[in-house]
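First up is the structure itself, then whatever we jot down about it.
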Amino acid sequence: MTWSWLLESIAKGASLPWHRQKQALVLSAMRHFAAALLAESNVSLTLREDRGFLATHDEFSAWASGRKEFRMEWFYRDMRRKHGILMAPNGEAYDASGATGEACGMRGLADTLTQVRDHGRVHHIARLMVQCNFATLLGVEPAALSRWYWSAFTDAYEWVELPNVIGMGTFGDGGTLATKPYVSSGAYIKRMSNYCGQCQYDVNKRNGHDACPMNTLYWDFLAHHRERFATHPRMRMMLTHLDAMPAQELVTIRAQAAAFRESLTYDRGLAAASASSASSRDSLSTSP
């Protein structure tokens, strides 16, 4: 006879902050599963495709067949076209009427944070392309960001949340999972979404009071970590652009990036690094 044990552990529940919807889902799933086990003397198992994923195993296999290189960006583009995610098929602007923008004037960030606040989730592409990208450029501690995702997202469980945030999203493992930091300027977000169309910042500017903060932070990030990635084959092109930038413009950009960091109000949930403390921004070059 095989026994199955399901424990509703108070210690586990109190060990980390939980989104209320997430905690309710876990307890509900456990109790329904327990009831099903009691009701059936013989438990059979049928494996079905998980509808929570954008692609089935067969669809991914068909996409990967014959490819010499598996680049996640290419696969995501196919999924965006298939599902119409972040790319409005009719060319109209994405409806962001639910975003308040009270805490941040950056439309993409405000929209995705509003979705997290209201629903406890946001699509993986927006989480990586907007939220983690911004956090990495800003200098947020990867472990602190991971803890925020745990408490804010209903689907944040260790087995998927930690590698996504620490490895893929922030390069916090020093390159064990990802080949390079997943960072970009506002130009990439403009190309891959339609967040920039109604944003108060100008995505085409690298400095100035109305320049997109993603641009300012991006070039500051490259300058800060230039030595670390000087010989990296996937970073070489952007470092060439950095080296071609007029020296005075780079000085202006870096000063504006520092001022932007100082202007933000950091809460204890994120524990982001301030401009006066470079520890988290140096984590890329000190990670094993």
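The values are calculated or read from the model by the stated rules, or taken from the named source; none is laboratory data. Quick caveat: nothing in here was measured; it's all calculated off a predicted structure. Methodologically, a virtual Cβ is constructed for each residue, glycine included, from the backbone with ideal geometry; neighbour enumeration extends over all protein chains shown. Remember, those area values only see protein heavy atoms, side chains included, never the ligands or the DNA or RNA. Shrake-Rupley method; radii C 1.70, N 1.55, O 1.52, S 1.80 Å.
Things to note:
- Of all residues in the range 9-31, exactly one satisfies the criterion of being closer than 11 Å to Thr154 by Cα and β-branched (Val, Ile, Thr), namely Val26.
- Some residue of the range 178-185 being open to solvent by 40 Å² or more (accessible area, probe 1.4 Å) and farther than 30 Å from Trp18 by Cβ: yes
- Flag for Ser287 being at pLDDT below 95, touching an Asp or Glu at 6+ places or on another chain (Cβ under 8 Å) and either over 14 Å from Leu138 (Cβ atoms) or surrounded by fewer than 14 Cβ atoms within 10 Å (Cβ to Cβ) (or both): yes
- Breaking point among (1) open to solvent by 70 Å² or more (accessible area, probe 1.4 Å); (2) modelled with pLDDT of 80 or more; (3) of a type outside the set (Ser, Thr, Tyr), for Asp50: (2)
- Sole residue being over 17 Å from Met72 (Cβ atoms), open to solvent by less than 10 Å² (accessible area, probe 1.4 Å) and modelled with pLDDT of 90 or more, chosen from Asp202, Asp220: Asp220
- Some residue of the range 232-248 being open to solvent by less than 30 Å² (accessible area, probe 1.4 Å) and modelled with pLDDT under 90: no
- Note on the range 213-248: residues that are in contact (Cβ under 8 Å) with a residue 40 or more places away in the chain and either of a type outside the set (A, V, I, L, M) or assigned to a loop (DSSP other than H, G, I, E, B) (or both) total 13.
- Of the residues making up the range 115-136, those that are open to solvent by less than 20 Å² (accessible area, probe 1.4 Å) and either in a helix (DSSP H, G or I) or at negative phi (or both) are Val116, Val122, Ile125, Ala126, Leu128, Met129, Val130, Gln131, Cys132, Asn133, Ala135, Thr136.
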